[in-house]
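First the structure, in the form of structure tokens, and then the observations on it.
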Amino acid sequence: MRGSANARRAGPFAHLLLAIAFCTATSPAFAVSPDAILADTPPKQLSAFGFFTDIAKQTPAENVTPFAPITPLFSDNALKYRFVYLPEGQSATYDDTEAFDFPVGTALIKTFAFPADFRAPDKDIRLIETRVLLKHEGGWQAWAYLWNDEQTEATLKITGAKVDIATVKADGTPLSFTYAVPNKNQCKGCHAFNGEIVPLGPKARNLNGDFPYASGPQNQLAHWAEAKILSGLPASSPAVPDWRDAAAPLDARARAWLDVNCAHCHRAEGAASNSGLFLTWGEKDRVRYGVGKRPVAAGKGSGDRSFDIKPGDPDGSILPYRVESTEPGVMMPELGRHVADPEAVALLRDWIASMR
């Protein structure tokens, strides 16, 4: 149901989101380039799109709307700044289950960044890459742009890139790893739906929570409808919990995490359909989402375990073993991360331990 009493927490960088929303409301108009969005060959520089009035500060231009999912995809703990642009006078069509149907000329923008220290996540932020999904007549096009050291511009990287990350975790321990900007083909690995590239994040259930707009917190679905960038919004919509919200039911938190982090592949229409493991939020069959299910193929990825989920026994379950691993060929998801998320692993283990 929209506008629930439990507003989504904006996260440790909430004041940055507020600043973005404030700038959106007060900055002079800045022209987004429809030609750049629809060009057969994308521009070499991110700034050519005109998505931002201040590209380094990620201040969105007029008609570029910031948003944030209730439960986000884990990507090596990266901070993410998300925006959507729709052609003037057009709107996305609401869907109760899948991503909204966006018109040609839409752009979805997501910037990945890391702070120097996660104990102060709003300070000394380094922008790493910005990914754009552009809706053309023939479907969606995915491109990645790599930020320069000066943090003044991002350049198209069709073949991907490697970036050394050095930061400090929230517990004060250092964290260093090599971050991978995906190449053009890797984008298809996660965004494939029945063989076509589609958006993943803008779904009703994951936008049905509050965002700190300039005028105050407001439900994102309601905001999109009021801004006339979403049509067909019903009186009530599905919603997932913030997976870190300990007050929410354990089962719902775990299913929300799996839906966002795994179900883009683990669904009948996804790249991992042959696994028979379907982790979408709406899946009701316990065996299909892993409970008491034997893996289709048993290799090192199974860790000598016999079931994807063995009720009451997280140590005997393949699912948390693969989510915890950072070994190529074992870890899941296969792309988009190099480190594990201990909080998510703990959640999944608690969920499985609670099963009977």
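The values are calculated or read from the model by the stated rules, or taken from the named source; none is laboratory data. What you are looking at is a predicted structure, and each value in this text was computed from that prediction instead of being measured. Note that each Cβ is placed from the backbone with ideal geometry, even for glycine, and that neighbours are counted across all protein chains shown. Only protein heavy atoms, including side chains, enter the accessible area calculation; ligands, DNA and RNA are left aside. Shrake-Rupley method; radii C 1.70, N 1.55, O 1.52, S 1.80 Å.
Pairing the Cα long axis of helix 14-26 with the longest principal axis of the chain, what angle in degrees results, from 0 to 90 and rounded to the nearest 10?
Result, in degrees: 30.
Where the accessible area of the chain is counted over protein heavy atoms with a 1.4 Å probe, how much of it, in %, is carbon and sulfur?
Numbers: 8430 of 16210 Å².
Percent of accessible area from carbon and sulfur atoms in the chain: 52.
Need one word for the stretch 187-280: rounded, prolate or oblate. Basis is the Cα gyration tensor (sqrt eigenvalues a ≥ b ≥ c); a/c below 1.5 gives rounded, then a/b vs b/c decides. Can you show the working numbers first?
Numbers: a/c = 2.49, a/b = 1.45, b/c = 1.72.
It comes out oblate by the Cα gyration axes.
For Cα pairs less than 8 Å apart in space and 6+ apart in sequence, what is the mean separation divided by the residue count of the stretch 297-356, i.e. the relative contact order in percent?
Details: 76 pairs, mean separation 20.9, N = 60.
Contact order relative to length: 35 percent.
Below 8 Å, C-alpha to C-alpha, sequence gap of six or more: please give me the relative contact order for the chain in percent.
On the way: 730 pairs, mean separation 53.8, N = 356.
Answer for the chain is 15 percent.
Give me the 1.4 Å probe accessible area per residue for the chain, excluding ligands and nucleic acids, in Å².
On the way: 16210 Å² over 356 residues.
Per-residue accessible area for the chain comes out at 46 Å².
Can you give me the solvent accessible area of residue 178 with a 1.4 Å probe, rounded to the nearest 10 Å²?
Roughly 60 Å² of residue 178 is accessible to a 1.4 Å probe.
Counting helices only, and only those DSSP H runs with n ≥ 4, report the 222 nm mean residue ellipticity of the chain as the sum of -39,500 (n - 2.57) divided by its residues, in deg cm²/dmol to the nearest 500.
Details: 8 runs with 68 residues, N = 356.
Using -39500 (n - 2.57) per qualifying helix, the result is -5500 deg cm²/dmol.
Write down the Kirkwood hydrodynamic radius of the stretch 86-179, to one decimal in angstroms, obtained as one divided by the mean of 1/r over all alpha carbon pairs.
Values: mean 1/r = 0.0637 Å⁻¹.
Value: 15.7 Å, from the Cα pair sum.
Return the lysines within reach of residue 157: Cα separation strictly under 26 angstrom, same-chain partners fewer than 8 residues apart disregarded; answer none if there are no such residues.
By straight Cα distance, residue 157 reaches 44, 57, 80, 110, 135, 184, 188.
Would you be so kind as to identify which of 307, 142, 243 lies farthest towards the positive end of the dipole of the chain, taking Lys and Arg as +1 and Asp and Glu as -1 on Cβ and the Cα centre as origin?
Checked the options; the winner is 307.
Mind checking the angle between helix 250-261 and the chain's longest principal axis? C-alpha axes, 0 to 90 degrees, to the nearest 10.
60
Rank by packing, highest mean first: peptides 111-120, 133-142, with packing defined as the count of other Cβ atoms within 10 Å averaged across residues. Mind dumping the intermediate values first?
Details: 111-120: 17.9, 133-142: 16.4.
My ranking of the peptides, most packed first, is 111-120, 133-142.
Classify the stretch 114-243: rounded, prolate or oblate, from the alpha-carbon gyration tensor (a ≥ b ≥ c, eigenvalue square roots; a/c under 1.5 rounded; otherwise prolate if a/b is larger than b/c)? It would help to have the intermediate numbers written out before the result.
On the way: a/c = 2.04, a/b = 1.27, b/c = 1.61.
Taking the square roots of the gyration eigenvalues as a ≥ b ≥ c, the stretch 114-243 is oblate.
Which whole-number percent gives the relative contact order of the stretch 203-333, counting Cα pairs below 8 Å spaced six or more residues apart?
On the way: 179 pairs, mean separation 15.6, N = 131.
RCO, the stretch 203-333: 12 percent.
If you build the convex hull over the alpha carbons only and average its shadow over all orientations, what do you get for the chain? Give it in nm² to one decimal. Before the final figure, lay out each step's value.
On the way: hull surface 68.5 nm².
Seen from a random direction, the Cα hull of the chain projects 17.1 nm² on average.
Using a 1.4 angstrom probe on the protein heavy atoms only, could you order 310, 110 from most to least accessible area?
On the way: 310 85, 110 50 Å².
Result, largest first: 310, 110.
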